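Contents: one structure, followed by commentary.
The values are calculated or read from the model by the stated rules, or taken from the named source; none is laboratory data. None of the values given here were measured: they were computed from a predicted structure. For neighbour counting, all protein chains shown are included, and Cβ atoms are generated from backbone atoms with ideal geometry for every residue, glycine included.
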Ligand SMILES: *Cc1c(COP(=O)(O)O)cnc(C)c1O
């Protein structure tokens with residue numbers, strides 16, 4: 001291997017990417033074959049099957065989009081929205097804001113339902129917005145708001161929307177593989193994610209899933225999907241088991257091996273056990289931060305275990321200390337975004353990184369840079 005740019009390893013405890021299991025790095029090195037090779041198609045089919053299990057769905061149209069979480073976010077919006085449609089968007093952080101921006105770019109009329117950063121979106125407010133706009137084609141929320149550490153409850157909204165013609169669209173980029181997403185149980189119609197958060201796979205693929213009624217919406221659009229690359233109707237001809245396997249674009253072959261390995265590792269541990277591990281380790285971190293004088297940014301009772309937004313104690317220099325964690329201790333944590341910039345750290349305990357050892361290393365480093 002060329003040593004022109006040697007890369008020092010880091011302990012990745014930010015909002016993503018998360019630490020990658022050595023078996024996944026090894027999987028990336030398997031032989032590259034063609035995207036129509038039966039060997040590859042078998043891996044892809046198995047990935048789609050495993051994705052259904054981790055998404056908690058029977059949705060036939062479930063596959064990884066080529067790209068990162070943002071590509072799948074754009075794919076979700078582009079496929080179910082047409083110009084002039086109404087979209088109700090819940091916004092309580094950066095990623096809800098991006099949903100609004102993407103819906104606008106699709107030509108939709110956006111009805112924004114906002115909540116203060118750090119608070120959940122009130123399900124009643126979303127239902128009220130729908131009552132005022134019953135013709136809305138989509139209602140979208142972020143399940144795990146990575147900018148604030150808030151965990152949005154889904155059940156009540158999903159139940160309500162199931163009796164309407166409005167699709168329930170949910171961003172599960174930071175939740176998939178870390179906390180249960182249970183799409184079918186919650187009545188979610190479109191969900192997308194990314195590989196680089198709680199699945200613990202490098203960035204580069206982005207799982208997406210469409211319910212039958214969402215897939216029907218895609219098939220019966222009046223205008224073509226604005227994105228050719230992300231058009232789920234075209235992609236379905238390649239990704240589906242029993243589909244014609246018609247060439248659309250070259251699948252990222254080696255990333256598919258990596259995602260496959262990541263999903264195998266998750267199921268070897270057991271999904272309930274994996275969720276329990278994230279819960280437990282996240283709880284230990286929260287306690288330790290409170291003891292050190294940090295404040296937790298997210299509303300009590302709605303905190304994500306895999307992403308803790310923690311406001312630094314008075315007088316700590318956020319940026320300088322974060323740089324020292326990286327330079328002196330090879331640990332990456334994230335800074336705040338938007339209104340939270342400069343005041344808090346976003347600490348991710350995701351996938352392979354969600355361990356007590358990660359917490360201990362981080363705390364020892366924090367204590368050292370403060371000493
Ligand atoms: C990270 C993230 C995204 C975007 O994913 P990328 O992989 O950075 O493109 C979207 N939504 C949420 C909630 C995220 O945390």
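Key figures for this structure:
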read-out	value
Which listed residue, of 137, 98, 131, 104, is surrounded by fewer than 24 Cβ atoms within 10 Å (Cβ to Cβ) and within 16 Å of the ligand (Cβ to nearest atom)	98
Flag if residue 141 is assigned by TED's automatic domain parsing to the domain that holds residue 74 and within 24 Å of residue 66 (Cβ to Cβ)	no
Criterion violated by residue 355 - all others in (1) closer than 18 Å to residue 174 by Cα; (2) within 16 Å of the ligand (Cβ to nearest atom) satisfied	(2)
Check on residue 69, within 16 Å of the ligand (Cβ to nearest atom), over 24 Å from residue 131 (Cα atoms), in contact (Cβ under 8 Å) with a residue 24 or more places away in the chain and out of contact with any helix residue (DSSP H, G or I) (no Cβ under 8 Å at 6 or more places or on another chain)	yes
Test for residue 258: is it crowded, with 16+ Cβ neighbours inside 10 Å and touching a strand residue (DSSP E or B) at 6+ places or on another chain (Cβ under 6 Å)	no
Region 326-342, residues that are modelled with pLDDT of 95 or more and either within 16 Å of the chain's Cα centre (by Cα) or within 23 Å of residue 118 (Cβ to Cβ) (or both)	332, 333, 334, 335, 336
Residues satisfying the stated conditions in region 156-194, i.e. surrounded by fewer than 24 Cβ atoms within 10 Å (Cβ to Cβ) and over 25 Å from residue 218 (Cβ atoms)	156, 179, 180
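Table: residues versus (1) within 27 Å of residue 219 (Cβ to Cβ); (2) within 15 Å of the ligand (Cβ to nearest atom).
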| residue | (1), (2) |
| --- | --- |
| 19 | no, no |
| 23 | no, no |
| 30 | no, no |
| 36 | yes, no |
| 48 | yes, no |
| 64 | yes, yes |
| 73 | yes, yes |
